[in-house]
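Encoded as structure tokens, the structure appears first; notes follow it.
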Amino acid sequence: MRYLSLAIPASLLLLVASDAAAQATSYPVVNDSPISSVQVTGQARTMRVYQEHLDAVKGQYALSNGWRLKVDSASNGVKAKIDKQRPIYLVAVTPDKYVSRDGNVEMEFNRGEGGYDMLMSYVPTDPATGARLAQVVTVKATMAQR
């Protein structure tokens, strides 16, 4: 009987000690390194664009940030050139909305009261690495010349 009276406190002591050991382990390590992510953009679903649609959007636009944008017709879309940069080719999604094949640039034409306004959205890139930044820049424009 004496062994039984010693066994009960010893087993309780072991139970408490194992519980304390479980609580003494460290929490999961928090990794402070930047999170990597992958963004998958499907190809833009294009539509057949007619000459009257292209005539309604082509021209020169004065962008709200001081840039000048020239829009000309191209096969199945438009060619947009900002200042002296290389042209950007956009395909038609609707008669008034055009996007680049990589999904980086989007232009929506025939906005505003008279249909002379345009809204351009794009994802900027880091000049040093060329990687896309996690933001979208939106620039408004008004047609300056047809």
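The values are calculated or read from the model by the stated rules, or taken from the named source; none is laboratory data. Given the structure is predicted, the values throughout are model-derived calculations rather than measurements. In this analysis, Cβ positions are derived from the backbone assuming ideal geometry, glycine residues included, and neighbour counts consider all displayed protein chains.
Here are some notes:
- Whichever residue in the stretch 65-94 is closer than 17 Å to Val137 by Cα and exposed (fewer than 13 other Cβ atoms within 10 Å of the Cβ) and, among such residues, is modelled with the highest pLDDT: Gly66
- Residues of the stretch 119-138 that turn out to be part of a strand (DSSP E or B) and either farther than 15 Å from Gln60 by Cα or touching a residue at least 60 places away in the same chain (Cβ under 8 Å) (or both), as a count: 6
- Restricting attention to the stretch 83-110, the residues that are farther than 20 Å from Ala62 by Cβ, charged (D, E, K, R) and assigned to a strand (DSSP E or B) add up to 1.
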